Amino acid sequence: MNFAQYASAALAATLLLVTAMPARAADEGATLSPIVRVMTVNAAHGRKDSLNQLLLGRGSIQSNLGDLASTLTRSGPDLVALQEADGPSRWSGSFDHVNALARQAGFAWRFRGDHAQSWLYRYGTALLSHLPLTATHSVRFEPSPPSPRKGFVIGEMRWPGSDEDPGEPRLAVDVVSVHFDYLSQAARERQLRQLTQTLQRRSNPRIVLGDFNSEWNAPDSMVQRLASQTTLQAFEPLAADHATYGERRIDWILISPEFRFHGYETLPDVISDHRAVVADIGLARRPGRPATAAPPADPQAAD
């Protein structure tokens with residue numbers, strides 16, 4: 001066989017192989033939009049890994065939040081979910097931690113919900129975003145003494161469009177930052193019902209991030225039950241190398257079927273008694289309901 005005959009035979013074999021290969025894009029979730037990076041971290045009232053924020057002065061709290069802001073800047077999330085995020089509180093320096101983080105890390109949109117309030121403290125969960133964030137609201141769970149009240153915040157984020165079609169309407173996505181009770185299983189079950197009822201009344205694709213105080217394989221796992229009840233999925237839920245609080249994995253990022261994970265990491269940075277979790281997420285398929293154009297929204301400028 002001469003060279004021309006060899007080349008012709010090789011080309012024919014290659015074409016036959018390609019033709020015989022099944023289409024895999026739909027099965028494996030080809031990305032139809034840019035990747036969005038999201039993060040969740042329990043901000044621990046700005047105390048970092050200290051015993052209690054009451055033992056720290058305002059300067060130490062500010063320095064700790066500066067370290068957290070540096071991690072946000074370096075890791076580059078488009079969206080951040082915060083828990084134990086303080087408004088002006090006597091026990092943590094008497095200034096707004098969420099505003100400070102937004103200003104230092106350059107987030108144009110931010111929203112905090114105050115779930116626990118007293119003369120000493122004012123805090124809850126929060127969202128920071130580089131992408132437009134609208135229709136935000138805060139939900140307080142029912143009281144669960146002796147724990148301070150917990151809750152969640154929810155907003156509508158606009159997914160960035162593709163370079164191929166920059167005029168395409170932006171997909172509306174619900175993003176949630178949640179914190180469940182850490183002492184009582186019964187309280188977590190009530191809180192799960194309240195969150196699930198809220199999500200089931202909404203039709204947008206969703207990303208739920210936060211401190212669940214629950215492991216995947218624990219008895220009556222809150223994170224596993226939320227995933228099954230709302231068709232959310234976790235990244236490698238049984239993997240042993242994603243611990244976020246000591247040896248436990250209690251901080252989670254859950255996504256609806258419209259999305260796919262393209263990366264997932266627990267950060268080594270000591271910015272809290274929890275480790276931050278970062279995930280790269282792509283849109284795997286277009287949702288059945290068409291997106292509407294994003295309404296005009298003024299960014300909430302950081303103070």
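Table for the structure above
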| quantity | calculated |
| --- | --- |
| Test for T230: is it hydroxyl-bearing (S, T, Y), under 19 Å from D78 (Cα atoms), surrounded by 15 or more Cβ atoms within 10 Å (Cβ to Cβ) and touching a Ser or Thr at 6+ places or on another chain (Cβ under 7 Å) | no |
| Residue that is farthest from S184 (Cα to Cα), among those in segment 202-224 that are at pLDDT 95 or above and of a type in the set (D, E, K, R) | R206 |
| Qualifying positions in segment 88-104 - of a type outside the set (A, V, I, L, M) and surrounded by fewer than 24 Cβ atoms within 10 Å (Cβ to Cβ) | P88, R90, W91, G93, S94, F95, D96, N99, R103, Q104 |
| Within segment 179-214, considering residues that are of a type in the set (A, V, I, L, M, F, W, C) and part of a loop (DSSP other than H, G, I, E, B), the one surrounded by the fewest Cβ atoms within 10 Å (Cβ to Cβ) | L183 |
| Members of segment 194-243 that are within 19 Å of G124 (Cβ to Cβ) and either touching a Gly at 6+ places or on another chain (Cβ under 8 Å) or charged (D, E, K, R) (or both) | D211 |
| Long-range neighbours under 6 Å by Cβ, at least six apart or interchain, first residue more than 15 Å from T196 (Cα to Cα) and among the aliphatic types (A, V, I, L, M) within segment 210-229, second surrounded by 19 or more Cβ atoms within 10 Å (Cβ to Cβ) and modelled with pLDDT of 95 or more | none |
| Flag for A116 being crowded, with 18+ Cβ neighbours inside 10 Å and among the aliphatic types (A, V, I, L, M) | yes |
| A126 modelled with pLDDT of 95 or more and within 21 Å of A276 (Cβ to Cβ) | yes |
| Those residues of segment 55-105 which are farther than 25 Å from G151 by Cα, in contact with a strand residue (DSSP E or B) (Cβ under 7 Å, 6 or more places away or on another chain) and outside any helix (DSSP H, G or I), in sequence order | G76 |
| Residue in segment 29-86 that is surrounded by the fewest Cβ atoms within 10 Å (Cβ to Cβ), counting only those that are acidic (D, E) and within 20 Å of A126 (Cβ to Cβ) | D67 |
| Criterion violated by E142 - all others in (1) surrounded by fewer than 20 Cβ atoms within 10 Å (Cβ to Cβ); (2) within 29 Å of F259 (Cβ to Cβ) satisfied | (2) |
| Flag for L131 being in contact with a strand residue (DSSP E or B) (Cβ under 9 Å, 6 or more places away or on another chain), in a loop (DSSP other than H, G, I, E, B), crowded, with 18+ Cβ neighbours inside 10 Å and among the hydrophobic types (A, V, I, L, M, F, W, C) | yes |
| Set R206, R201: member being under 17 Å from the mean Cα position of the chain (by Cα) and of a type in the set (K, R) | R206 |
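The values are calculated or read from the model by the stated rules, or taken from the named source; none is laboratory data. Because the structure is a prediction, the values reported are computed rather than measured. Ideal geometry is used to build each Cβ from the backbone, glycine not excepted, and the neighbour counts take in all protein chains shown.
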